[in-house]
Amino acid sequence: MLGVRNAWLDTLRAIAILSVFLCHVSSSFRQLHPSGDGGWLAAAGIGGHGVDLFFVLSGWLLGCLLLNEKNNTSKINIKRFWGRRWLRTLPAYYAILLLTLGQRILQGRGQVEDAFYFIFVQNYAFDSLPFFGISWSLCIEEQFYLLIAPLLLILHRKEWITGVLALLILIPLVGRWLVGDPASWMTHLRIDGCAFGVLLAHVYINYPRLWKWFAFLAPWGILVGLGVLLIQALQRYRGEHGEMPLAGYTLLSGCLVVQSQATHFWKQKASNGILRYIASRSYSLYLVHIEAFAIARRLDDGRFLVYFLVTVLISVIFAELLYRYIERPFMTFRDHGKSDPSPAENNLGVAQKANNACVEFRNASN
């Protein structure tokens, strides 16, 4: 139904940011209070792979928008797509970046190379990011935006789209195997999550029979994936260091996304007000939560619960300010262009309109 947000997609966004937050807050506390390997704080580190869920979600949502537009109009308005994406992502990013750079300059740590952060190439410019460490994933997203719309526009056959997306998934898999660095943050080694999300959208829109198999297998994939995650968490708890390949997290994320189209419950009931609130502020929370740790460290009294609650409070306050005064005004400005007939996102983000685009096209095809 148009105008109704997909509940499960909201829940997935909330799960992704909460997982990343828990990973970072636990690792930050462990740096302050080293206690050796193992323990439940070590197990919480598995949540860092919430970023892989973000990648697949992004690919799915944008893939639905772009493929639906192409199927309906035989073209893609690339300039408009980039403009809307940048109005959605850049203002909040640059607000935090400028504040961070200002702090570095006042502390006498500013470098000419810091300018790389303005054009999203820091994931290639540095072996280890000197600040704003979480921005590596934003580089992958922004570079993906530049790539995916032109690709989908010039590929005129469904088979070509399938082949190119498969290649974009295969190249990072082979690349990570060759370099032996599963944590690499360079785009050509991590773009497979975004590409897999677009592939799911492509199958959903253009191959409905194949999609039925995806929908059948997804719950089993989720069960297997969660079982593997549980085993990994137990290994980390015991101080062991087993790790599922990144492709495993991508597949699990894909199964979770596929579930968003399963039934009325998943589409409209699998969320609540708290999760929707977290989902709507997930981007702002992602941008500010690391900075919250710097303040929490000054108030640290050695108790994790206090450290956790302080970082949650600071993160929520900062995220709410960023959302209300940066994110939401620019999204409102972006959405004023109602005369453009191309698919549009609502003022809470791309998620629902992308989902509606998929549903609308599938209904017209059946």
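Pairwise over distinct Cα atoms, reciprocal of the mean inverse distance: report the Kirkwood radius of the chain in Å, one decimal place. Could you put the intermediate results ahead of the total?
Numbers: mean 1/r = 0.0468 Å⁻¹.
Value: 21.4 Å, from the Cα pair sum.
One Cα centroid belongs to segment 285-310, the other to segment 124-168; the line between them spans 32 Å.
The alpha carbon radius of gyration of segment 170-270, expressed as a multiple of 2.2 N^0.38 Å, is 1.23.
Put a dot 7 Å past the Cα of ARG297, heading toward its Cβ, do the same for ASP37, and the two dots end up 2.5 nm apart.
What's the extension gain from LEU170 to GLN103 if we count 0.36 nm per residue and subtract their Cα-Cα distance? Intermediate values should be presented prior to the final figure.
Working: separation 67, 0.36 × 67 = 24.12 nm, distance 4.06 nm.
Residue separation times 0.36 nm, minus the Cα-Cα distance, leaves 20.1 nm.
Membrane-span-like helices in the chain, defined here as complete DSSP H runs extending at least 27 Å along the helix axis by their C-alpha atoms with mean Kyte-Doolittle hydropathy no lower than 0.0, are 7-32, 50-73, 78-106, 135-154, 158-179, 208-237; this is a sequence and geometry rule, not a statement about a membrane. Computed over the chain, relative contact order equals 34 percent, with contacts defined as Cα pairs under 8 Å that lie 6+ residues apart.
What net charge do the residues around ILE134 carry, taking every other residue with its C-beta under 15 Å from that of ILE134, with Lys and Arg at +1 and Asp and Glu at -1?
Summing Lys/Arg as +1 and Asp/Glu as -1 gives -3.
One Cα centroid belongs to segment 22-42, the other to segment 194-219; the line between them spans 38 Å. When shorter helices are ignored and each DSSP H run of at least 4 residues is given -39500 (n - 2.57), the per-residue value for the chain at 222 nm works out to -23500 deg cm²/dmol.
Rule-based calculations on the coordinates, nothing more; no lab input. This one's a predicted model, so the numbers in the text were calculated from it and none came from an experiment. FYI the Cβ positions are ideal-geometry reconstructions off the backbone, even for glycines, and counts take in every protein chain you see.
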